[in-house]
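> Take this structure, written in structure tokens, and hold onto it; I'll ask about it next.
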Amino acid sequence: MTAERAIGPTRWVTAALRGLLAAVAALGVAELAAGLLGRASSSPLLAVGAAFIDLTPVWLKDFAIRRFGDDDKTALLVGLGVGVTLAALAVGLVSRIRLGYALAGLAAFGAAGVAAALTRPVAGPADAAPSAIGALAGMAALVVLVRGGAREAPDRRALLTGAGVVAVAAASGTAGRWLLRRGDVSAVRADTRLPRPAGPARPVPPAAQARAPGMTPFRTSNRDFYRVDTALTLPQVDPREWTLRIHGMVARPVELGFDDLLRLALIERDITLSCVSNQVGGDLAGNARWLGAPLAPLLRRAGITSGADQILSRSADGMTLSTPIEAVLDGRDAMVAVGMNGEPLPIAHGFPARLVVPGLYGYVSATKWVVDLKVTRFATDHAYWTRRGYADRAPVKTFSRVDVPKPLATVRAGRVAVAGTAWAQHRGVAAVEWQVDGGPWRQARLAPVPGLDTWRQWTAEWDAAPGSHTLRCRATDGTGHTQPEHRTPPFPDGATGWHSVVVTVT
Ligand SMILES: Nc1nc2c(c(=O)[nH]1)N[C@H]1C(S)=C(S)[C@@H](COP(=O)(O)O)O[C@H]1N2
Ligand SMILES: [Mo]
């Protein structure tokens, strides 16, 4: 191949790289604008990602949670990054055909960013700025790069122009990130002191923890606690500025600051939280010791008007969840929680305050970063998930799981420890049965629990013969209801079905 012929493809590669550099400049400058604004959610990729989450159909969301679990947001951002890179390369290629088209392409991406930022639930007009300014910066960079590399061979001048664009992008991006980190409340959280509970938790019996090796911990550490939410950027809520407003169908609206909340008679309780998206055998559940202010007295202080049947709660990032009032007022330990396992709530779990209502799936009860409670009716107000077809009333379904042996494990023939976890929050787990290869059901031994609101571990001993075997379990709750065999998906009010595990005995 002659040198002449090699120039063609090189030029296209150079053109594609120009697009990439323009995109980097756009995103870097946009980050700086978002930093100056002090709002991470207005930065283009995060705004588009958040809009994407809101537009995601329920089946795709379930798939993402199933496939990526707690990493669903990372997966989304990686996907977005790949998409943006490809689009940027395409813009670069187009710039070689016609600069005007490429500039229009950048403007279109900027417009998408603006639209995404403006449609976030708590957005103001200023949130449009980062995407708009970023797009302009990207367009300017593209023009400069096209002019700078007019002869189209990657010569010294073109390289210098490229390096200049990268430097501007890196400097503004870094400055933007730094500005955004100033809003981080980790340090404030570390300095937050919580009072001792006026109503301490019942002690957890030591035997609540089943002894089988590899068994799930009875109490989930904050670090291992599952996380499910729509927040692509974690809300940074300073407790010194936090307030909780209770309003709507009430006689006397109430507003509380964080210190007001801490002065109330706090209770501490062991409560298992679980997600409606949890599949049969899934692990979107955790058990923690929560410290918080009982919610029912706060509502009574506000004076609920007759006819109200829903608490519509709102988080600092505009997420909404609906909770049936009857569940909050029926005597269970519904609370505005501030502490989790002896610490202030981790930021990812709602710092400085969240709701916890035993017995209901998280999407109808467990509002993190909660700032607003509107007393209303199901007939008038809808929340994020119920608007998408999830059930208004969603008590946690009775659930049980084989935790050990692990799926597809190989164990030695003879005595094998079988153990698992079952839950039916606020009804309690009354029995767990297990079976081998579809044989007779046998009663498992139930570990003691501190109350009805936590999960319950179960154990059994299996005299295992060599071969491949299927272990299966099912639980019965405190109302006498046994888990049905029939499998249903999580949508619209929680999965059903028996969990089974296949193991090899040698
Ligand atoms: N603000 C806010 N709160 C939220 C959610 C959310 O998306 N945003 N998700 C809910 C859902 S679906 C569940 S299962 C629980 C999960 O709480 P965790 O992340 O602390 O485990 O939080 C609930 N509270
Ligand atoms: Mo959930």
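The values are calculated or read from the model by the stated rules, or taken from the named source; none is laboratory data. Please read these numbers as outputs of a predicted model, since none were measured by experiment. Quick reminder, even Gly has a Cβ in these numbers, built from the backbone with ideal geometry, and neighbours come from all protein chains shown.
> Tell me yes or no: at least one residue of region 301-311 is surrounded by 19 or more Cβ atoms within 10 Å (Cβ to Cβ), small (Gly, Ala, Ser) and away from ligand 2 (no atom under 16 Å from the Cβ).
Yes: one or more hits.
> Related question: Collect the residues in region 259-279 that are surrounded by 20 or more Cβ atoms within 10 Å (Cβ to Cβ) and of a type in the set (Lys, Arg), keeping them in residue-number order.
Passing the criteria: only Arg269.
> Does region 312-319 include one or more residues that are within 25 Å of Gln279 (Cβ to Cβ) and within 16 Å of ligand 2 (Cβ to nearest atom)?
yes
> Still on this structure, I have one more. Among the listed residues Ala417, Ala383, Ala430, Ala353, identify the single one that is crowded, with 18+ Cβ neighbours inside 10 Å and either at pLDDT below 95 or not assigned by TED's automatic domain parsing to the domain that holds Asp260 (or both).
Ala430
> With the requirement that a residue be within 13 Å of ligand 1 (Cβ to nearest atom), assigned to a strand (DSSP E or B) and either farther than 30 Å from Leu46 by Cα or touching a residue at least 60 places away in the same chain (Cβ under 8 Å) (or both), what does region 340-367 give you?
Correct list: Met340, Leu355, Val356, Leu360.
> Kindly indicate the residue of region 362-404 that is more than 18 Å from the chain's Cα centre (by Cα) and within 11 Å of ligand 2 (Cβ to nearest atom) and also nearest to Ser306 (Cα to Cα) among those meeting that condition.
Result: Ala394.
> From the list Ala187, Ala150, Ala158, Ala171, pick out the single residue that is of a type in the set (Gly, Ala, Ser), at pLDDT below 95 and surrounded by fewer than 17 Cβ atoms within 10 Å (Cβ to Cβ).
Residue meeting the stated conditions: Ala150.
> For the list (1) surrounded by 19 or more Cβ atoms within 10 Å (Cβ to Cβ); (2) more than 17 Å from Val418 (Cβ to Cβ), I need the number of the one condition that Phe491 fails.
(1)
> Take the residues of region 210-258 that are surrounded by fewer than 20 Cβ atoms within 10 Å (Cβ to Cβ) and among the acidic types (Asp, Glu): which is nearest to ligand 2 (Cβ to nearest atom)?
Asp224
> Name the residue, out of Leu194, Leu136, Leu180, Leu142, that is touching a residue at least 24 places away in the same chain (Cβ under 8 Å) and touching a Ser or Thr at 6+ places or on another chain (Cβ under 7 Å).
Leu142
> List the strands (runs of 3 or more DSSP E) that sit entirely inside region 187-291 and contain at least 2 residues that are in contact with a strand residue (DSSP E or B) (Cβ under 6 Å, 6 or more places away or on another chain) and within 14 Å of ligand 1 (Cβ to nearest atom).
267-274
> Further question: Before we move on, is Ala334 more than 11 Å from ligand 1 (Cβ to nearest atom), under 25 Å from Arg427 (Cβ atoms), in the same structural domain as Leu298 (by TED's automatic domain parsing) and at pLDDT 95 or above?
yes
> Turning to a different aspect of this structure: Which residue, of Ala40, Ala102, Ala112, Ala116, is more than 26 Å from Leu284 (Cα to Cα), among the small types (Gly, Ala, Ser), touching a Pro at 6+ places or on another chain (Cβ under 9 Å) and crowded, with 21+ Cβ neighbours inside 10 Å?
Going through Ala40, Ala102, Ala112, Ala116 in turn, just one is more than 26 Å from Leu284 (Cα to Cα), among the small types (Gly, Ala, Ser), touching a Pro at 6+ places or on another chain (Cβ under 9 Å) and crowded, with 21+ Cβ neighbours inside 10 Å: Ala116.
> Please pick out the residue among Ala115, Ala135, Ala111 that is in a helix (DSSP H, G or I), more than 22 Å from Ala348 (Cβ to Cβ) and in contact with a Phe, Trp or Tyr (Cβ under 9 Å, 6 or more places away or on another chain).
So the residue among Ala115, Ala135, Ala111 that is in a helix (DSSP H, G or I), more than 22 Å from Ala348 (Cβ to Cβ) and in contact with a Phe, Trp or Tyr (Cβ under 9 Å, 6 or more places away or on another chain) is Ala135.
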